[in-house]
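Reviewing the structure listed below.
Any read-out appearing in this document is the output of simple, stated calculations on the displayed coordinates, not a laboratory observation. Only a predicted model underlies this, so the values are computations on that prediction, with no experimental measurement involved. Cβ: placed from backbone, ideal geometry, glycine included. Neighbour counts: every protein chain shown.
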Amino acid sequence: MYVFINLSHPNPPVFNFLRFERICNKLLRLANINQELSILLVDNTQIKSINNEWFNKNKSTNVISFYHGKNDLLGDIVISLDTALYEAQNANIPFDIRLEELLIHGFTHLMGFDHETEEQIIEMQEKEKKFKYNLNKERIMADLCINIDHIATLRQARKDTQPDPVYAASIVELAGADGIVVHLREDRRHINDRDVRILRETVKTRLNLEMAATEEMLIIAGKIKPDIVTLVPEKRQELTTEGGLDVISNKEQIQNAIKTLNKKKIPVSLFIDPNQKQIEMSKEVGAHCIEIHTGLYAYAFATENEDEEFEKIMEIAAIGKNFGLRVHAGHGLDYRNTQRVSAISDIDEFSIGYAIIARSVFTGLERAVREMLSIVKKGVII
Ligand code: PXP
C-alpha cells in the first residue's frame, strides 16, 4: 500500500503535507485497498488542461479522479490547490479541511461511486460521510496538563506554607485537567522536594516531572517515579525555561539520562524547539515523546510572524507523529493563543501553567482550569 503525492503546483499554499499523506494512507486502510494511490496537487491552469484533454471541458475544477484498478495502481486523484483554497475561503473553513474533503470525494469516485443521478448523489454523499466519520473517529482531543509551579512561586514569596501546590493539584484535577506538571529546579525557587514527594502520592491523573538531565535530578526522579519526565534545559538566571533542549550538542548526556530513567520504567519527553534536526535526534536518542516549545509562536501571536511560527509547530508535530512519538506542546500559551494550536490533531497534550495560575487570582483556580479546558477540548480540526 503506497501513496505517491506529486506536488506540481509552482507556488503551493501552505498546508500540512504530512497530515495529508497520512489521511491518504488511512483512506486506503479504511477501504481495505492494497493498491497504490497516486495524488497530483496542481494549480488551476494544470487542472484545466487535464480537464480539457480527458473530458473535453475547457475549464478548471476542484478534483478529478482516474480509476486504473489494474495491477498495483488503484488510480490517480488530481486536486487543484487554487480551487481548494478558494472554496475553503468561501466556506470559511481551514484549507486543510477543504483539501481533505476533496481528497475524500476523489477517493470515493475511485471506489466506484458517481453523482450523475439523484440516487447516485445520495449514495455517494453517504459514502463520503462514512469516510469522514471514520477518519475523524481516529482523532482524539488533546489532553491538558497543568503546570502548578507558580502556586509554589507565590508560597515562596513569603517562604510560607501556603498556597500549597498539593492542594492546588487536587483542585486542578477536580476541574477536569488530565495531568499535573511541576518543574523541580536546581535552585528550588518554587517547587521543592517535599511537593514532588507528596504530589506523587496524591495526584490521581498523571504527574509529569520537568527537570534538567543532571545526576541529582536523575536520582530524585528514580526515587519518586513520576508518570513521565520532561527533560528541559535549565539556567539559574532565567525567569522561565527560555528555549528547547539542544539534543544534538548534548546527545550523550540526554541519551544516558533517557537510559537511566527507562531502567526505572519512566518514559521521557524532550522539550525541543520546533526544529526538524532536533526532533530527528530526539527520536534517535530514544525519547518517547517530544514537547514542542510554543514560546516563539506565543510571542509572535497577533503579529505578522504568527503564521510562520504556527506552521513550524504544525510541521514538527506532524513529523513527531510520523516518527511514532507522542507529541506535547507548551510554553507561553494563554487564553488567546491556545485555540489555534489546539486545532492541530497531531498534538496529543498541552502543558500550560502561567496563564492559568495568573487568571485564577481573579476567577479561582477551578474556573481558570475549566476555561482553558473549554479551549483545548473545543475540537481538533487540522
Ligand atoms: N512546558 C515546559 C517544558 C515548561 O518549562 C513550561 C514552563 O514551566 C511550560 C510548559 C508551561 O509554560 P507556561 O507557564 O508559560 O504556560
Is the shape of the stretch 3-136 best called rounded, prolate or oblate, per the rule: a/c under 1.5 gives rounded, else a/b larger than b/c gives prolate, else oblate, with a ≥ b ≥ c the square roots of the Cα gyration tensor eigenvalues? rounded
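Roughly how big is the chain's charge dipole about its Cα centre, with Cβ charges of +1 (Lys, Arg) and -1 (Asp, Glu), in debye to the nearest 20? Kindly include the intermediate steps, with their values, before the conclusion.
On the way: 47 positive and 56 negative charges, 282 e Å.
Its charge dipole is roughly 1360 debye.
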Quick one: Debye curve from the alpha-carbon atoms of the chain only, equal weights, vacuum; give me log10 I(q)/I(0) at q = 0.08, 0.10 Å⁻¹ to two decimals. -0.49, -0.72
With charges only on Cβ, +1 for K and R and -1 for D and E, what is the dipole size of the stretch 252-381 about its Cα centre, in debye, rounded to 20? 760
For the stretch 179-296, what's the relative contact order in percent, using C-alpha pairs closer than 8 Å and at least 6 residues apart? 21
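Would you compute, from DSSP H runs of 4+ residues alone, the mean residue ellipticity of the chain at 222 nm, taking -39500 (n - 2.57) per run and dividing by the full residue count, rounded to the nearest 500? Don't skip to the answer; put the middle values down first.
Working: 16 runs with 184 residues, N = 382.
Value at 222 nm, helices only: -15000 deg cm²/dmol.
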For the chain, with a Gaussian network of springs between Cα atoms less than 10 Å apart, report the residue from Arg336, Arg326, Arg370 with the top mean-square fluctuation. Arg336
Straight-line reach check, Lys223, cutoff 21 Å on alpha carbons, 8 or more apart in-chain or any other chain, hits among lysines -> Lys204, Lys259, Lys263, Lys264, Lys265
Most mobile of Phe323, Phe362, Phe113 per a Gaussian network model of the chain (Cα springs, under 10 Å)? Phe362
Computed over the chain: relative contact order in percent, which uses C-alpha pairs under 8 Å that are six or more apart: 13
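Indicate, rounded to the nearest 5 percent, the antiparallel portion of the DSSP beta bridges found entirely in the chain. Write down the numbers at each step before the final one.
Working: 5 of 47 bridges.
Counting only bridges with both partners in the chain, antiparallel ones make up about 10 percent.
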Counted charge near Met217, where neighbours are those whose Cβ lies closer than 12 Å (Asp, Glu -1; Lys, Arg +1): -3
Packing-based ranking, highest mean first, of 345-356, 79-90 given that Cβ atoms within 10 Å are counted: 345-356, 79-90
